[in-house]
Amino acid sequence: MRKPDQKYYGKLMLFGEHTVNIGSPALLIPFRRFEARWMQGNHHTNPSHQTLYQYIEFLAQHQSQFPWLHIPLLKSFVEKGWYFHSHIPQNYGIGSSGALVAAIYEQFSVQQSISLQETRQQLGMMESYFHGNSSGLDPLCCLYQKPLLVQADKQIRFLDIPEAQFLQSLWLLDSGQPSSTSSMVAYFNRQMLSYRFYTQLNTVLLPAVDQAIKAAIQGDGKQVEIPLSKISSFQLEYLPQMIPEPLHALWKQGIESGAYVLKLCGSGGGGFFLLHAAQSASLPDLPKGMRLLSLV
């Protein structure tokens, strides 16, 4: 193995979920609360083990589509008792599949000297097995483990900024139910067929995403609040199926009171959501079965 002790972390897409696939900026950071790594042994109780076996079978059956991977070596590696031990919750929008793809790519890629854009494309093709259509950004963030900015011109650059700067006033809301990225991507694409949705996306959502990213990079938490509220309002009005029904009233209450704001974290539909509140005293009471996790 190239890096037998390498840890792989989850990721948080702070801004740009779904819209990054249509050319908007996006901001991702590694999420070091949850991690994964290669391990060797005979006990495979971790849920990711079965996922790994199924994924390897897929790669082997479509080997010609992934010429940059040494798939026979990967199969041999797993047959010797190696498995991917992950604490990253699956189907929660924080990079469980991205971490697995990054780990396989780093250990078994036969192409090392390619551009960042090519790496992203290859990772996206690999992760599409899990989601139907992947931007490649999640595994790219998991691979390089640095804050990652996708610019409006689609160029990618890593930010030399402490990750803690982006986590101020943020909490993770655990909805208590898994999400389905592929179904949420399909839902978003159907919404795009609506002229009203498309118009509001271009005039309201995309500018708000751009403003929120710029404020977050500058570390200006106050300036993040206005575009964040616009993003939250747009998601509740135009993407209600991405928000679990028990959260709708809480979501609306946050927008109207200004005490806190909720937004998607990943594809939506379940899993984690992001909650922004300037003061912890403003945190709301949650529906039964849900909980808040501090990010700092």
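Bear in mind that the values in this text are calculations on the coordinates, not laboratory data. Since the model is a prediction, treat every value here as computed from it, not as a measurement. Methodologically, a virtual Cβ is constructed for each residue, glycine included, from the backbone with ideal geometry; neighbour enumeration extends over all protein chains shown.
Annotations for the structure displayed:
- Ratio Rg/Rh, restricted to the range 168-294 and using Cα atoms, in which Rh is the Kirkwood radius: 0.95
- P(r) tail fraction, the range 8-158 - alpha-carbon pairs more than 29 Å apart, %: 13
- Distance histogram in 10 Å bins (all Cα pairs of the range 60-106, percent per bin): 23, 46, 30, 1
- Binned Cα-Cα distances of the range 166-238, short to long, each 5 Å bin given as a whole percent: 3, 14, 19, 21, 19, 17, 8, 0
- Sites L292 and K222 - FRET efficiency at Förster radius 30 Å, r taken between beta-carbons, to 0.05: 0.85
- Cα-based equivalent ellipsoid of the chain: semi-axis lengths in Å, sorted from largest, via gyration tensor: 33, 20, 18
- Built amide H within the under 5 Å cut-off of S134, gap 5+: S128
- The alpha-carbon positions of the range 117-237 define a convex hull whose volume is 139 Å³ per residue.
- Each residue of the range 77-90 was assigned a 3J(HN,Hα) from its phi angle through the Karplus curve 6.51 cos²θ - 1.76 cosθ + 1.60 (θ = phi - 60°); the sequence is 4, 5, 5, 7, x, 7, 8, 9, 8, 10, 9, 7, x, 7 Hz, with glycine and proline shown as x.
- The calculated 222 nm mean residue ellipticity attributable to helices in the chain amounts to -12500 deg cm²/dmol, summing -39500 (n - 2.57) over DSSP H runs of n ≥ 4 and dividing by all residues.
- Relative contact order %, the chain, counting alpha carbon pairs below 8 Å whose residues are six or more apart: 22
- If R0 is 41 Å, the Cβ-Cβ spacing of A186 and A281 corresponds to a FRET efficiency of close to 0.55.
- Couplings for the range 212-220, taken from phi via the Karplus curve 6.51 cos²θ - 1.76 cosθ + 1.60 with θ = phi - 60°, read 5, 5, 4, 5, 5, 5, 7, x, 9 Hz in order; Gly and Pro are left as x.
- 0 to 90° range, to nearest 10: angle between helix 47-61 axis and the chain longest Cα axis: 60
- Ordering 95-103, 27-35, 219-227 by mean Cβ neighbour count within 10 Å, with the highest value first, yields 95-103, 27-35, 219-227.
- Short-range pairs are left out: with C-alpha atoms under 8 Å and at least six residues apart, the relative contact order of the range 179-296 is 24 percent.
- Peptides 288-296, 49-57, 131-139 ranked from most to least packed give 131-139, 49-57, 288-296, packing being the mean of other C-beta atoms within 10 angstrom over each peptide's residues.
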